Amino acid sequence: MTTPAPQFDLNATTFTVKDTYTIDELRTIMAFLRSENGCPWDKVQTHDSIKKNLLEEAYEAIDAIDSGVPAQLADELGDVLMQVVFHAQMASETDQFDFDTVVSNICRKLISRHTHLFGEDQAKTPEAVLDNWEKNKRKEKGHQNQSQVLVDVPRSLPALQRGFKVQQKAAQVGFDWDTPEGPREKITEELLEIEEILQHTQTLQARGEMTAEHAGREVAAEVGDLLFAVVNYARHLKVQPEIALTHTTDKFIRRFSQMEILAAEDGVELDELSLSELDALWEAAKDLERLAKNQEAQ
């Protein structure tokens, strides 16, 4: 049996804007939104229809963390919490589980996996804590081998992050390079294999022995191997590839925007310029960015 949300009078006039609210009030507001007299959009949603919202809100919370603005983070964490309450409310309506179940599950998990505090395990370092956590997690999930641990990494994760976590878990049983030189050499090897597959597929296509679609799949497979090797190298350098690529993409956008500004100052559009001229603008944008950083550091 689930525990229903704390009930106030489910009437729109009950809810007013004020400075502070409790978690029980949040649950009640969500129950009202899902009720017969609630919101036409909210009451027709399902777990599946809003699942991407949870992902989007999580990413916005990460952006807020990066912003360094506490008020922004508090706001975005509220959006994440709303998604949790939303899913719990929908589940409670069909007696599957409710918000109290969600809270109980995570409390139970925190206690059962921190066995160095609530049990007999020892852990004096953050690394030892993570080892205990993984050991207890495998026990709870009933994993009989490490392959099951790898399969358990969600496929819905961004590809870079999923590759990173799979490599981490493979490393738990010693399947890993001792130093960054191993994955770095693997990157070079994978680059050469891409060149080889390109030449091979182009030859076969010219002979009519391979379709373009088949060739595309062959090349994509090799590019995937290269990306996996780059993720592995990043992991050995203690770099989160997902975060690193996000920052680089942001940097690219900033520099591209500066290129447009510089082109506009010369009275031209980017698509009117040659590649060499665009490269010159790119270098100028980089110089301006470096100059700005140096001035900030002074």
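The values are calculated or read from the model by the stated rules, or taken from the named source; none is laboratory data. Keep in mind the model is a prediction, meaning the values are calculated, not measured. With ideal geometry, Cβ positions are generated from the backbone for all residues, glycine too; neighbour counts draw on all protein chains shown.
Conditions (1) among the charged types (D, E, K, R); (2) surrounded by 12 or more Cβ atoms within 10 Å (Cβ to Cβ), marked per residue:
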site	(1), (2)
A128	no, yes
H143	no, yes
A159	no, yes
K165	yes, yes
W177	no, yes
Q199	no, no
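Of all residues in region 262-277, those satisfying the criterion of being surrounded by 14 or more Cβ atoms within 10 Å (Cβ to Cβ) and assigned to a helix (DSSP H, G or I) are L262, A263, L270, E277. Number of residues in region 283-295 that are surrounded by 12 or more Cβ atoms within 10 Å (Cβ to Cβ) and under 26 Å from D63 (Cβ atoms): the value is 4.
Picking from V85, V153, V173, which residue would you name as being in a loop (DSSP other than H, G, I, E, B), touching a residue at least 24 places away in the same chain (Cβ under 8 Å) and not assigned by TED's automatic domain parsing to the domain that holds T246?
Answer to the selection: V173.
When D121 is tested against (1) part of a helix (DSSP H, G or I); (2) modelled with pLDDT under 95, just one condition goes unmet, and that condition is (1). Within region 26-52, the residues that satisfy the criterion of being in a helix (DSSP H, G or I) and surrounded by fewer than 16 Cβ atoms within 10 Å (Cβ to Cβ) are K43, V44, K51, K52.
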